[in-house]
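The values are calculated or read from the model by the stated rules, or taken from the named source; none is laboratory data. Model, not experiment: these values are computed from the prediction. A quick note on method: Cβ atoms are made from the backbone with ideal geometry, for glycine too, and the neighbour counts reach across all protein chains shown.
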């Protein structure tokens, strides 16, 4: 990151997550430009330039924004019960986020004249460009009422009806240590170090008030909000979510993604709901499965990504030509009363599970205006009969209410909720 007056040199050709062996994501790297609100400009030149995505707007960036290549997602527990302290933290986080998304260091930067004090910025992004960094915050159910039923911050009566406790789905094997959270921050960028730097600085600023509950690194975007481009592939080698909502489709965003003032609480108007699911893939079993069975499981041709019986990826699928258990058939809006969600998923690899198997899969992120007619009915249908269930398992889960965007420098994350 640069300071207010400095000029950043060219970004390093950083391929992997600093020795974590995640160079696999390079194959999925795509060009997509900055987007404000629901807009998106799908041009490689802007992505390569390290451009900044505008921070202020009616909606938070990082939802309809053209999907970046890398992710660092963190869920936080709030460790203070002081409402004033939480508000002060949200204000400080907002200021830091506004600076980092524009390629600037936090506060006085990583190097200052006061050598006896810790610097305001951790410094690992010095010299790096903004890399289309977006920071998107969400509020979990336990922020409104904690696990003991306590209203710590005087906002229990402002919890949205749609911010439900997600039901248990057949086949779930959820790890409490990788689920839930009072707050979440989704950091997306084209440079992994820029994304990690952002979460690290927010955690540092919040020390004593919040603690990271769990986090997830992601690479190789598996969804696109610029559907005129090719759909990326997941770790199973298939294209999925071809009919994702476009960041430029204002009508679809209004209908399926943004919360309206009529359908939800006033403080959430212009916001959304985020479902985060960590989905472990049984890679070794999948890799020993025949190509025909793989294609039958998804209902797609593996090479082109075309629906079975069709020639091209974006051909309208003939659902009846697929097996009743095909993933595409079961997940399609026509099979779910027209339900649609905006997906921003990423692949992950987190070493091995101790038994010689790769701990890898999909970190599923989905935005919608109401999970009760979005994610929940779709997941219920998939959990019952999807052939893909033989090869995957949901091991982490969380739901967050995502407030609207920050309007200007005097606004802050969650202001309407706490006002």
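What to note about this one:
- Restricted to the range 231-244, and to residues there that are part of a loop (DSSP other than H, G, I, E, B) and touching a strand residue (DSSP E or B) at 6+ places or on another chain (Cβ under 7 Å), the residue that is nearest to residue 340 (Cα to Cα) is 244.
- Failed condition for residue 126, given (1) in a loop (DSSP other than H, G, I, E, B); (2) loosely packed, with under 14 Cβ neighbours inside 10 Å; (3) touching a strand residue (DSSP E or B) at 6+ places or on another chain (Cβ under 9 Å): (2)
- Selection count where residues are in a loop (DSSP other than H, G, I, E, B) and over 17 Å from the mean Cα position of the chain (by Cα), scope the range 194-230: 7
- Which listed residue, of 321, 306, is without any contact (Cβ under 8 Å) to a residue 12 or more places away in the chain and within 21 Å of residue 241 (Cα to Cα): 306
- Residue count for the range 401-419 satisfying the condition of being at pLDDT below 95 and either within 16 Å of residue 62 (Cα to Cα) or crowded, with 23+ Cβ neighbours inside 10 Å (or both): 0.
- Considering the conditions (1) over 23 Å from the mean Cα position of the chain (by Cα); (2) in contact (Cβ under 8 Å) with a residue 12 or more places away in the chain; (3) surrounded by fewer than 22 Cβ atoms within 10 Å (Cβ to Cβ), residue 260 is excluded by exactly one of them, (1).
- Some residue of the range 309-326 being closer than 30 Å to residue 351 by Cβ, surrounded by fewer than 17 Cβ atoms within 10 Å (Cβ to Cβ) and touching a strand residue (DSSP E or B) at 6+ places or on another chain (Cβ under 9 Å): no
- Residue match in the range 108-121 (condition: touching a residue at least 60 places away in the same chain (Cβ under 8 Å), more than 21 Å from the chain's Cα centre (by Cα), at negative phi and surrounded by fewer than 23 Cβ atoms within 10 Å (Cβ to Cβ)): no
- Qualifying residue in the range 147-154 (condition: within 25 Å of the chain's Cα centre (by Cα) and either surrounded by 17 or more Cβ atoms within 10 Å (Cβ to Cβ) or closer than 19 Å to residue 76 by Cβ (or both)): yes
- Some residue of the range 138-153 being part of a loop (DSSP other than H, G, I, E, B) and at positive phi: yes
- Residue identified as closer than 27 Å to residue 278 by Cβ and modelled with pLDDT under 95 among 355, 330, 362, 342: 355
- For residue 96, the conditions (1) in a loop (DSSP other than H, G, I, E, B); (2) modelled with pLDDT of 95 or more; (3) in contact with a helix residue (DSSP H, G or I) (Cβ under 8 Å, 6 or more places away or on another chain); (4) buried (at least 17 other Cβ atoms within 10 Å of the Cβ) are fulfilled apart from (1).
- Of all residues in the range 188-198, at least one satisfies being more than 28 Å from residue 80 (Cα to Cα), at pLDDT 95 or above and touching a strand residue (DSSP E or B) at 6+ places or on another chain (Cβ under 6 Å).
- Any hit, the range 347-358, residues being touching a residue at least 12 places away in the same chain (Cβ under 8 Å) and crowded, with 23+ Cβ neighbours inside 10 Å: yes
This table checks each residue for (1) without any contact (Cβ under 8 Å) to a residue 60 or more places away in the chain; (2) in contact with a helix residue (DSSP H, G or I) (Cβ under 7 Å, 6 or more places away or on another chain); (3) within 30 Å of residue 176 (Cβ to Cβ).
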{"site": "200", "(1), (2), (3)": "no, no, yes"}
{"site": "214", "(1), (2), (3)": "no, yes, yes"}
{"site": "221", "(1), (2), (3)": "no, yes, yes"}
{"site": "224", "(1), (2), (3)": "no, no, no"}
{"site": "234", "(1), (2), (3)": "no, no, yes"}
{"site": "255", "(1), (2), (3)": "no, no, no"}
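- Looking across 67, 53, one residue alone is over 12 Å from the mean Cα position of the chain (by Cα), at negative phi and at pLDDT 55 or above. It is 53.
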